[in-house]
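Data block below; observations after.
Each reported figure results from applying straightforward, stated rules to the coordinates on display, with no laboratory input. Everything quoted here is computed from the prediction, not taken from an experiment. As a convention, Cβ positions derive from the backbone with ideal geometry for all residues, glycine included, and neighbour counts pool all protein chains shown.
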Amino acid sequence: MKMTATFSRLRQRIIPRQQALYAGLAIVGLWLLVACLAPWVAPFDPIAQDVSSSLLSPSGAHPFGTDNFGRDVFSRVLWGARVDLQICILGVLFPFMLGTTLGALSGYSGGVVDTLVMRVIDIVLAFPFLVLMLAIIAILGPGLSSFYIAMAMVGWVSYARLVRAQVLILKQRDFILAARSLGYGHLRILFRHLLPNALTGAIVFSMSDCVMVLLNGASVSYLGLGVQPPTAEWGVMVAEGQSFITTAWWITTFPGIAIVLLAMGFSLLADGLGDKLGERV
Amino acid sequence: MSLLKVNHLTVTRGEDIALVDNVSLSLEAGEMLGLVGESGSGKTVTCRALMRLLPGAGLRITGGEVLLGGRDILSLSEGQMSAVRGREIGMIFQNPSSHLNPVMTIGEQIAESRRLHFGANRRQAREDALALLRQVGVPDPQNRLNNYPHEFSGGMRQRAMIAVALAPEPTLLIADEPTTALDVTVQMQILRLLGDLRAELGLAVIMITHDLGIVAQTCDRIAVMYGGRLCEVGDKREVLAEPLHPYTRGLIDCQPVSEGGQGRLTTIDGQPPVADHFPSGCRFHPRCGSADEACLDQPLLRYGRDSHSHAAACHHLLPTLIRREG
């Protein structure tokens, strides 16, 4: 979070307010396009090995060079976009849904439910984020689905706290009283009248959360607990290339740049959206 | 049988502070009752108690009954009560901009209760919403359906809120200072609209207000509240022409007179009582000109001379009258 805040301050000096949203949209949109078109755009098969052409430096045929198995790094970066975008989207979606639901219920009902949810949040927050995630993945076994489950179990707390705070304020508002006076039930009021008003903060946060999830996914894969080789994923690629960093810098550098670019895209999107919706996270 | 009969309704805060003390009212179908009083006199709490939507925790209905069509709604379960809210008793509020959901279109907000209370399908509910917007006099209702509350002007928002409240077709409408936030010309339009709707739909209305002028223009009967108690109730003409209670007299004297710009506005000396320090006996006695030792006892509601409908709670009923009754 601290990193995103620093980035935000830096961004405001370089890019004017309105354009952050469009710049972010453009970058993320571009990556989405790349992910969709990867099978047709990538010049080589991302996992086909060709030992005869291993560790080639960037050239016309291999713009990003090849790795130690002779795989085309450019094709692998393009294919990697599919996996990494999926990680971003699903890794944010599950905590978002779980967190907003629990946060809304907790804020609206108060009392025992609220106390219970808040104490669980305290427990989750008591552990360092990555340590808790690694522990859960270690229990469930390495793989992407474990990563998503761990993400949901750890990441929901931020959303729950954001939404709970909003609901606590909003449930005192007059239009909730008006809805009550029309004979609407609590569930209808909570999910149809309160939640849509309480979500802006969570939506803005989810964009900057994409950055964290992307970096987490890459770190977890780097540690060998997330995406498994030979699947093309940026974190895995950085991990595999690091032993060649002195002789073949391109294996780690290009996926690294891809991570930074996508992260920047989401950051700009979060900032722009925050400005637009008048919401600061 | 009266549409609504409130008997000895009492709402307390904490242990023993009665914000609404022993209030009894009755309302016929199609009748308009003006509930008048200063801020803090308990008029809003009374009406919220009728909906069982008391503001704030710590407020409880501790006594009395509220008979709606002969059925005591204070004894209903919470589930049965949500079928009464909206459907039988509707409510409109002082500040329409904060009582409409900012992220739903006006059309959706009207249609929602059509769908919930009448099981109308999406298209039918939309058509009902259109008809309602037209009925409350919103121009160009077809396009206005898709507008959000912030795209409406203040007067239009009040009309929209009335449409939302009317959608479940209530028989009783509680209007909590519906015109206070509006400027004078719009005020008149909204009051006229409420009058028209009442004639068209046979709607009974309780109009909460602190403005006797509004009551004089629109209501059939007046109930005056002071310090959580009813101090005078009766037919509008009788109450305004021959007030029995010194407080009502004071309120009437406080109305600015339109002819001429001379003279000072009359006021009632002192401050209205705060709930934590209600005076004993008659709660108006510290500000009352004709108070004496008798006023340290709580006065009962007594009928005035020659009347079975006009009553006041005072030991010194104003005109030279006094025909003692319970």
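A few points about this structure:
- Relative to the longest principal axis of the Cα atoms of chain B, the long axis of helix B:122-135 lies at roughly 50 degrees.
- Lys/Arg +1, Asp/Glu -1 at C-beta; the protein assembly as shown dipole; positive extreme among B:THR248, A:VAL163, B:ALA83: A:VAL163
- DSSP bridge analysis restricted to the protein assembly as shown gives an antiparallel fraction near 60%, rounded to the nearest 5.
- Segment B:GLN298-B:THR62, extension gain: residue separation times 0.36 nm, minus the distance between their alpha carbons: 83.0 nm
- Under DSSP loop assignment and at most 10 Cβ neighbours within 10 Å, longest trypsin sites (Lys or Arg not before Pro)-free interval of chain B: B:1-263
- Taking amide H as placed 1.01 Å from N in the peptide plane, B:ARG302 has its amide H under 5 Å from the amide H of B:ALA312, B:ALA313, B:CYS314, each at least 5 places away in sequence or on another chain.
- ³J(HN,Hα) computed for each position of the stretch A:88-101 - Karplus, 6.51 cos²θ - 1.76 cosθ + 1.60, integer Hz, glycine/proline x: 4, 6, 5, x, 9, 4, 5, x, 4, 5, 4, x, 5, 4
- Counting charges near B:ARG126 (Lys, Arg +1; Asp, Glu -1) among other residues having Cβ under 12 Å from its Cβ returns a value of 0.
- Inter-probe distance in nm under a simple model that places probes 7 Å from Cα toward Cβ, at A:LEU37 and B:SER39: 6.4 nm
- Judged by the gyration tensor of its Cα atoms, with axes a ≥ b ≥ c, the stretch B:77-151 is oblate; a/c meets the 1.5 cut and b/c is at least as large as a/b.
- Given +1 at the Cβ of Lys and Arg, -1 at the Cβ of Asp and Glu and no other charges, the dipole of chain B around its Cα centre is 700 debye to the nearest 20.
- About its Cα centre, the dipole of the protein assembly as shown is roughly 520 debye, where the only charges are +1 on Lys and Arg Cβ and -1 on Asp and Glu Cβ.
- When the charge dipole of the stretch A:110-227 is built from unit charges on Cβ atoms (+1 for Lys and Arg, -1 for Asp and Glu) and taken about the Cα centre, the candidate among A:ILE203, A:LEU214, A:LEU187 whose Cα reaches farthest toward its positive end is A:LEU187.
- Other-chain or far-sequence residues with amide H under 5 Å of B:VAL224's (modelled H): B:VAL36, B:CYS231, B:GLU232, B:VAL233
- Relative to the longest principal axis of the Cα atoms of chain A, the long axis of helix A:2-14 lies at roughly 80 degrees.
- The HN-Hα couplings worked out from phi for the stretch A:118-131 by the Karplus form 6.51 cos²θ - 1.76 cosθ + 1.60 (θ = phi - 60°) are 5, 5, 4, 4, 4, 4, 4, 6, 5, 8, x, 3, 5, 4 Hz, whole numbers, x standing for Gly and Pro.
- Sequence-ordered 3J(HN,Hα) estimates for the stretch B:160-174 from the Karplus curve with 6.51, -1.76 and 1.60 and θ = phi - 60° stand at 4, 5, 4, 4, 4, 5, 7, 4, x, 6, x, 9, 10, 10, 9 Hz, glycine and proline given as x.
- Cα-based shape type of the stretch A:81-175, given that a ≥ b ≥ c are square roots of the gyration tensor eigenvalues and the cut on a/c is 1.5: oblate
- Radius ratio Rg over Rh of the protein assembly as shown, counting only Cα atoms, Kirkwood formula for Rh: 1.16
- Positive-end ranking of A:ALA239, B:TYR148, B:MET51 along the dipole of the protein assembly as shown, with charges on Cβ about the Cα centre, is headed by A:ALA239.
- Sorted fewest first by neighbouring Cβ atoms within 10 angstrom, B:CYS295, A:CYS210 come out as B:CYS295, A:CYS210.
- Modelled this way, with points 7 Å down the Cα-to-C-beta line, the labels at A:ARG188 and B:LEU265 are 4.3 nm from one another.
- Taken about its Cα centre, the stretch A:148-203 carries a charge dipole of roughly 100 debye when the Cβ of each Lys and Arg holds +1 and the Cβ of each Asp and Glu holds -1.
- Rounded to the nearest 10 degrees, the angle from helix A:195-222 to the longest Cα principal axis of chain A is 30 degrees.
- Computed label-point distance, nm, for sites A:SER109 and B:SER24 using a 7 Å Cα→Cβ extension: 4.3 nm
- Shape call, the stretch B:5-103: gyration tensor on alpha carbons, a/c limit 1.5: rounded
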